[in-house]
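The values are calculated or read from the model by the stated rules, or taken from the named source; none is laboratory data. Here the structure is a predicted model, which means the values were calculated and not measured. Neighbour counts are summed over all protein chains in view; Cβ atoms, including those assigned to glycine, are modelled from backbone coordinates with ideal geometry.
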Amino acid sequence: MTTPTSEPQLSTRQRSLSTYEGWTDFAERPARGRPEPLTRDQLDGMSPQDRAVYDLERRVWHANILLRTRQVEDIELQLADILDSNLQDSDRVKSAAAIDAPPALGKSTVVNNFGRVFHQQRIAEDGEWLDQDRDVRHLPVCHVTLTGRLTIKGLHMMILGFYAHPATAGILHRSMAGRDLARAAAECIERHDTRLVIVDDLHFLNMRTRDGVEVANQLKWLANEYNATFLLAGVALRARGLVGEGHTGQEAAMAQTFRRWTVLGLSPFTLTHKRAREEWDRLLFGIEQALVLTDARPGMLVDLSRYLFARSTGNIGSLMDLIRRGASRAIRTGREAIDRELLDDIRIDEGAETERRELEAKLEQQLRNQKARRRRQNKDGEAAAA
Ligand SMILES: Nc1ncnc2c1ncn2[C@@H]1O[C@H](COP(=O)(O)OP(=O)(O)OP(=O)(O)O)[C@@H](O)[C@H]1O
Ligand SMILES: [Mg+2]
């Protein structure tokens with residue numbers, strides 16, 4: 001076993017995923033290797049410098065743990081189907097996909113990783129450049145994360161911004177009509193042979209205004225006109241009228257726009273039935289396997305199954321937050337393992353913390369009920385045998 005001596009692979013500057021440079025960095029970055037777990041002796045025998053590098057490597061690794069849950073696999077499968085059928089039938093109306101789920105359940109994680117795999121696949125198929133002179137870059141995926149309250153122009157500016165289109169650098173866009181900006185964006189999509197356009201945080205579009213309907217129409221226009229599949233993600237898209245069917249007036253226009261959109265969801269984990277509990281434990285087992293801590297033991301997290309559920313309320317974002325902070329603290333303090341005592345001391349997001357007490361009490365009660373039921377059953381069994 002070797003101890004790491006080189007610098008960990010860290011990009012010095014995290015570039016925005018809403019620019020082609022940032023996205024390409026993300027999509028083409030080689031998969032990180034898991035730092036080797038060391039024994040106590042090896043750890044204690046390291047020079048302070050090597051130790052600092054090793055600890056940093058572990059923290060970076062922990063920050064980027066990616067778990068392939070059943071929900072993630074299901075969504076990826078569906079998205080791949082949609083993309084495939086769009087690629088095959090270029091002359092019919094394209095369908096789009098939307099992931100509609102509450103915050104911190106992994107929407108961005110899913111779409112980004114789906115985009116990353118697709119990017120790599122397309123580059124492997126058709127190369128990095130689209131012309132002999134290496135003038136036109138092959139950009140299979142366009143990715144934008146919306147912010148603020150977005151107008152039609154805003155959306156197209158973001159797409160143009162991804163491609164570093166000159167319109168976004170100067171004042172050119174002020175004199176450009178929305179339709180021209182849309183056309184310019186569509187041209188970028190075609191020129192760079194973009195097949196997948198990811199729009200994250202779509203909830204920043206307000207569809208209940210006139211502007212909103214126009215944005216929807218523009219999206220439809222883009223999605224139909226060009227050889228790209230739109231993949232959207234956001235919170236409460238259906239409730240906000242961003243996806244789903246409407247029946248009257250404005251809503252009818254939207255219903256038409258979104259008829260061909262497949263809406264996929266992500267939900268928190270639960271412990272309500274056996275299969276769900278097994279899935280939760282599988283998730284914890286997956287995290288356990290991924291963590292690099294010297295004194296970690298098998299079952300370190302799975303044994304805390306109910307406790308971790310109560311702390312995170314089954315929300316993967318809150319769970320990963322808690323575990324990452326726990327792992328960082330375990331490294332910093334030399335504890336090198338995660339246990340309940342250590343986690344008890346770590347506070348995470350308010351949402352999870354407020355729900356925690358109620359859920360803990362409920363789970364305790366459930367456990368007591370289960371035990372009482374089992375005792376009763378045993379007694380009944382004994383009585384019947386006698
Ligand atoms: N499959 C996964 N494996 C590991 N960590 C995950 C996974 N899914 C989500 N997470 C973690 O959960 C947190 C929230 O995920 P993400 O940002 O993707 O959620 P989101 O639904 O896009 O949230 P928001 O609505 O706030 O944009 C992140 O810290 C992420 O690392
Ligand atoms: Mg997100």
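Data table
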{"quantity": "Selection within the range 210-243 - more than 24 Å from A80 (Cα to Cα), modelled with pLDDT under 70 and aliphatic (A, V, I, L, M)", "calculated": "V213, V215"}
{"quantity": "Filtered residue count, the range 133-164, keeping only those that are small (G, A, S) and part of a helix (DSSP H, G or I)", "calculated": "2"}
{"quantity": "Options R347, R356; residue that is in a loop (DSSP other than H, G, I, E, B) and closer than 25 Å to A296 by Cβ", "calculated": "R347"}
{"quantity": "Qualifying residue in the range 189-201 (condition: surrounded by 21 or more Cβ atoms within 10 Å (Cβ to Cβ) and at pLDDT below 90)", "calculated": "no"}
{"quantity": "Residue in the range 290-305 that is modelled with pLDDT of 95 or more and either within 22 Å of the chain's Cα centre (by Cα) or within 12 Å of ligand 1 (Cβ to nearest atom) (or both) present", "calculated": "yes"}
{"quantity": "Number of the condition not met by D81 [criteria: (1) over 21 Å from the mean Cα position of the chain (by Cα); (2) outside any loop (DSSP other than H, G, I, E, B); (3) modelled with pLDDT under 95; (4) of a type in the set (D, E)]", "calculated": "(1)"}
{"quantity": "Residue within the range 309-317 that is of a type in the set (S, T, Y), modelled with pLDDT under 95 and in contact with a helix residue (DSSP H, G or I) (Cβ under 9 Å, 6 or more places away or on another chain) present", "calculated": "yes"}
{"quantity": "Near pairs, Cβ below 7 angstrom, 6+ apart or cross-chain, from the range 47-71 (within 22 Å of I338 (Cα to Cα)) to any residue that is among the small types (G, A, S)", "calculated": "R59/S328; H62/A327; I65/A290; L67/G286"}
{"quantity": "Within the range 90-132, considering residues that are of a type in the set (D, E, K, R) and assigned to a loop (DSSP other than H, G, I, E, B), the one nearest to ligand 2 (Cβ to nearest atom)", "calculated": "K94"}
{"quantity": "Every residue from the range 134-154 that is within 16 Å of ligand 1 (Cβ to nearest atom), β-branched (V, I, T) and surrounded by 17 or more Cβ atoms within 10 Å (Cβ to Cβ)", "calculated": "V144, T145"}
{"quantity": "I75 being within 13 Å of A233 (Cα to Cα) and either polar (S, T, N, Q) or crowded, with 18+ Cβ neighbours inside 10 Å (or both)", "calculated": "yes"}
{"quantity": "Residue in the range 326-344 that is surrounded by the most Cβ atoms within 10 Å (Cβ to Cβ), counting only those that are part of a helix (DSSP H, G or I) and among the hydrophobic types (A, V, I, L, M, F, W, C)", "calculated": "A327"}
{"quantity": "First in the range 295-321 and within 14 Å of T270 (Cα to Cα) and in a loop (DSSP other than H, G, I, E, B), second anywhere and within 16 Å of ligand 1 (Cβ to nearest atom) and small (G, A, S), Cβ under 9 Å, 6 or more apart", "calculated": "T313/G351; T313/A352; G314/S267; N315/A104; N315/G351; N315/A352"}
{"quantity": "Any hit, the range 76-89, residues being within 12 Å of ligand 1 (Cβ to nearest atom) and either more than 28 Å from L202 (Cβ to Cβ) or touching a helix residue (DSSP H, G or I) at 6+ places or on another chain (Cβ under 9 Å) (or both)", "calculated": "yes"}
